[in-house]
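Quick notes on the structure that follows.
Each reported figure results from applying straightforward, stated rules to the coordinates on display, with no laboratory input. Computed from a predicted model, the values in this text were never measured in an experiment. Neighbour counts run over all protein chains shown; Cβ positions are idealised from the backbone, glycine included.
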Amino acid sequence: MSTTTDDLREQVRRRYAESARAVIERTASSGCGGGSCCEGGAGKFGEALYDAEQRGDLPEAAMLASLGCGNPTAVADLNEGETVLDLGSGGGIDVILSAKRVGPTGTAYGLDITDEMLALAQQNARDAGVTNVHFLKGLIEQIPLRASSVDVVISNCVINLSTDKPAVLTEIARVLKPGGRIGISDVVAEDRLSAGERSERGSFVGCIAGALSRSEYEGGLEAAGFERVSVEFTHEVADGMHGAIVKAVKTTERKGLPIVEPAVKAGCC
Ligand SMILES: C[S@@+](CC[C@H](N)C(=O)[O-])C[C@H]1O[C@@H](n2cnc3c(N)ncnc32)[C@H](O)[C@@H]1O
């Protein structure tokens, strides 16, 4: 891995550690909390994207720590007893909401690189009274879970912060069961914007410069083994850049491989 990649990841970790500390010290409004870590202005990130009922169900610190660009729990179909994984779980808001949806027979995992966020999420889960949750420290590029062990992967404004997006998409496909699904909120650029134009609109740690375009997202998911891929823009966060809902289903069989009939096999080699 190049130094630049390491540096960028460290900048991301530091920024979100600062955000978690601001919430713990209840100084979110003066620090990098309350949705202000990602650049785009009021109402485009954070707690405003959750409905009143969901907000009423959550500890105040979980709401304050909300830094997402959507509400993946509103778009992912979650059923009783399922296993859900939230990539870049931050203060735990979507893990807590998912845990409630899958119920005591289900499990919600949160994965995050930042110790301060993990500690905050654990406290928020305790305050919310949910016990079917596990917070894991690690990278979304190397998910510390077994293959085919997860029904649904969600994520809220995190994949744009990855320095290796193909690795993230491949890892999502690995941990999902065949037929497993994703419901992701992320910042996504219109195809007309070059990488340079995306960088002009905001920083990497601010969730803008690292955003994939719609066709890059679609192509990346298809290459990783997903079908029924959709990327739907919900609200503009900068010129030509949008909060978006990304959905897809892991293929039940590997595509692109020839189907070898027994007769052909017998005749071959
Ligand atoms: C913009 S915040 C979103 C947090 C949360 N999903 C939410 O909606 O409030 C990004 C989170 O992703 C985490 N993160 C960023 N890059 C990561 C990586 N490569 N692996 C794991 N976690 C990462 C950060 O520590 C931070 O908690």
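The length gained on full extension between residue 223 and residue 252, counted as 0.36 nm times the residue separation minus their Cα-Cα distance, comes to 9.0 nm.
Sorting the segments 200-212, 48-60 by their mean number of nearby beta carbons within 10 angstrom, highest to lowest, gives 200-212, 48-60.
Can you give the FRET efficiency for residue 177 and residue 5, using 1/(1 + (r/R0)^6), R0 = 41 Å, r = Cβ-Cβ distance, to the nearest 0.05? It would help to have the intermediate numbers written out before the result.
On the way: r = 30 Å, r/R0 = 0.74.
Between residue 177 and residue 5 the formula returns 0.85.
Only Lys, Arg, Asp and Glu count, each charged at its Cβ (+1, +1, -1, -1), so figure out the dipole size of segment 195-257 about its Cα centre, rounded to 20 debye.
Magnitude of the dipole: close to 280 debye.
Report the percentage of all Cα-Cα pairs in the chain whose separation exceeds 33 Å, rounded to a whole percent. Cα-Cα pairs of the chain separated by over 33 Å account for 17 percent. Simple spin-label estimate for residue 216 and residue 146 gives 3.5 nm between the two label positions (7 Å along the Cα-to-Cβ direction from each Cα). Proximity of backbone amide H atoms, modeled 1.01 Å from N, is registered between residue 141 and no other residue at under 5 Å, excluding neighbours fewer than 5 places apart on the same chain.
Just to be sure I follow: if Rg is taken over the C-alpha atoms of segment 133-200 and Rh is the Kirkwood radius over the same atoms, what is Rg/Rh? Spell out each step's value before the answer.
Working: Rg = 13.7 Å, Rh = 13.4 Å.
Expressed as Rg/Rh, it is 1.03.
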